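Colleague: Could you have a look at this structure, given as structure tokens, before my questions?
Read-outs throughout are calculated quantities, based only on the coordinates presented, and are distinct from any laboratory measurement. Computed from a predicted structure; not experimentally measured. With ideal geometry, Cβ positions are generated from the backbone for all residues, glycine too; neighbour counts draw on all protein chains shown.
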Amino acid sequence: MLQILATTQKNIIATRANDILGISDYEKIHPLIHNIINNGKKVRWYFEMDDCLISNTVGFWEDGIIELNYGKMKFTHSEDIEKIAIVGEMKWRDWMLSVMKPFSEATIRYFSLAEKEQAMEWIINQEELV
């Protein structure tokens with residue numbers, strides 16, 4: 001499940017994934033994306049992954065990479081995202097960077113769970129694109 005965090009504001013969408021994600025989770029953030037782009041801004045996404053519920057799965061996405069390959073999760077706003085901070089266990093780093101890259105032309109940085117504060121600072125404090 002994808003939780004929308006209280007730090008979601010202005011052009012920042014802050015989320016925490018604490019289970020396998022699917023279409024309904026994407027649908028939670030889709031209206032937030034539209035609100036941001038309708039105000040002429042680009043999205044900055046803080047994406048934190050809580051590793052406690054994931055054990056022997058192929059990742060955080062429902063059906064793993066197969067779902068992505070078969071197009072069930074079409075992401076139509078790749079050009080509307082400016083930055084993505086992914087926060088999670090380092091064992092997910094390479095996999096998540098490869099999964100997120102096709103969804104966005106954004107600058108993507110991966111942070112460990114111990115670096116949550118730095119990740120949020122990176123999302124908030126960088127100069128906004130006009």
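Colleague: For a 24 Å ceiling on Cα separation, which of these pairs sit above it: Lys10/Lys83; Lys10/Lys116; Lys10/Lys91; Lys42/Lys91?
Modeller: Cα-Cα > 24 Å for Lys10/Lys91; Lys42/Lys91; rest within.
Colleague: Let me ask another. Nearest 0.05, what FRET efficiency do Lys101 and Gln9 give at R0 = 25 Å with Cβ-Cβ as r?
Modeller: 0.45
Colleague: Using 7 Å Cα-to-Cβ label points, what is the Arg16/Ser112 separation (nm, one decimal)?
Modeller: Roughly 2.0 nm, to one decimal.
Colleague: Around Gln3, what is the net charge, scoring Lys/Arg as +1 and Asp/Glu as -1 over all other residues with Cβ under 12 Å from its Cβ?
Modeller: Residues close to Gln3 contribute a combined charge of -2.
Colleague: Another question, if that's okay. Taking a point 7 angstrom from the Cα of Asn38 along the C-beta vector, which residues in segment 1-27 have backbone N less than 15 Å away?
Modeller: 10-11
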